[in-house]
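Every read-out reported here was derived from the displayed coordinates using simple, explicitly stated rules and does not represent laboratory data. The shown structure was predicted, so the numbers you read here are calculated from the model rather than taken from an experiment. Please note: Cβ atoms are built from the backbone with ideal geometry, for glycine as well, and neighbour counts cover all protein chains shown.
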């Protein structure tokens, strides 16, 4: 069975994925006869696809366009203008490129949108400013916070922009040109110099995970604010004696950071703990910090991601214990080591472009938030002259 659409004496066909005997088809009523065991379901599908085809040809007429070779796709009877079908390609690509965390967040975001649409198709022409406003209100009703809603809509915008680039949607039909996303500034906690020093000097049992996790935090706070996902996977092959060289897990970009004295001291400590029998040098394939399981390299992508998530959660739990012991009234997580490094670097005169480069930011805009923090500190310092 096919749907045939004709416009300006040009005909195109859309496969429905239905096969049946001619004796099971009512030519007059254009319906599957009741003598077919799945007649009700098939007729419902035919009606739905016919409506989609009519909507497509109407859109072509309104926009004064003609049929092109790919106006209809013969893929499971679905129009290529279905947002969800296009979004699935985007999500699949995230998985194929090992962006497991981003893949899971994107998948969940699209599933929320599907639930809103009650599992019905969402054609690109339905994505209007009003649709986005209605969906935004729906997310508010679900109890989603401003930045969660921003993140959800940002993903949808990314997919819509990709569709525009692939000529599935005209640029002037992109609703995000008129619909602006809203977000709230979040407080970026970081340690001051005295607080960082107190964490460095905290006496901890060397046999505990608290000791290892504290050392990892201090290392990141001195060595470019490395992300926890990169630090967990750091091997001795990434260290050449002076520099840490790696490919950033989040972005895939290469990074090389010269390790300062305190970082070298931490590496020397773990090097002494991981000597092998061949000349007193650690195995290049071994992890620098003894946190990851020995069978990590045998895990599949999904399992490996779960291990990183679990280890990150444990480290953050231990850092809160350490912060409590130090009497720090701050929400200390591993990511605050990154904020700590950035604010310290700017205070010490490192230019913002170099800070951005070492942090692996894709643009200066991401780094400017730290410059703003430092500038606010300088403003407060100048307030002493008002006393």
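Taking a ≥ b ≥ c as the square roots of the eigenvalues of the Cα gyration tensor of region 83-177, is the shape rounded (a/c under 1.5), prolate (a/b larger than b/c) or oblate?
Oblate shape, in that a/c is at least 1.5 and b/c is the bigger or equal ratio.
Just check region 193-386 against the gyration tensor rule for me: Cα atoms, a ≥ b ≥ c as the square roots of the eigenvalues, rounded for a/c under 1.5, and otherwise prolate or oblate depending on whether a/b exceeds b/c.
Numbers: a/c = 1.75, a/b = 1.49, b/c = 1.18.
Prolate shape, in that a/c is at least 1.5 and a/b is the bigger ratio.
Could you tell me the distance between the Cα centroids of region 74-145 and region 226-248, to the nearest Å?
Spelled out, the Cα-based centre of one part sits 36 Å from the other.
From the Cα gyration tensor of the chain, with a ≥ b ≥ c the square roots of its eigenvalues, which class applies: rounded if a/c is under 1.5, or else prolate if a/b is larger than b/c, or else oblate? Don't jump to the answer; show the numbers that get you there.
On the way: a/c = 2.94, a/b = 2.07, b/c = 1.42.
Prolate is the answer for the chain, as a/c is 1.5 or above and a/b outweighs b/c.
Between residue 98 and residue 188, what is 0.36 nm times their sequence separation minus the Cα-Cα distance? Round to one decimal in nm.
29.6 nm
In which sequence would 240, 383 go, from the one with the fewest C-beta neighbours within 10 Å to the one with the most?
Starting with the residue having the fewest Cβ neighbours, the order is 383, 240.
Just to be sure I understand the model, the point goes 7 Å from the Cα along the line to the Cβ. What's the resulting residue 146 to residue 26 distance in nm?
5.8 nm
Which residues in region 234-269 have a backbone N closer than 16 Å to a point placed 7 Å from the Cα of residue 281 along the Cα-to-Cβ line?
Correct set: 235-243, 268.
In what sequence do 333, 183 fall when counting other Cβ within 10 Å, fewest first?
Working: 333 19, 183 13.
Ascending Cβ contact count within 10 Å gives the list 183, 333.
To the nearest 10 degrees, how steeply does helix 83-96 sit against the main Cα axis of the chain, on a 0 to 90 scale?
Its long axis makes an angle of about 40 degrees.
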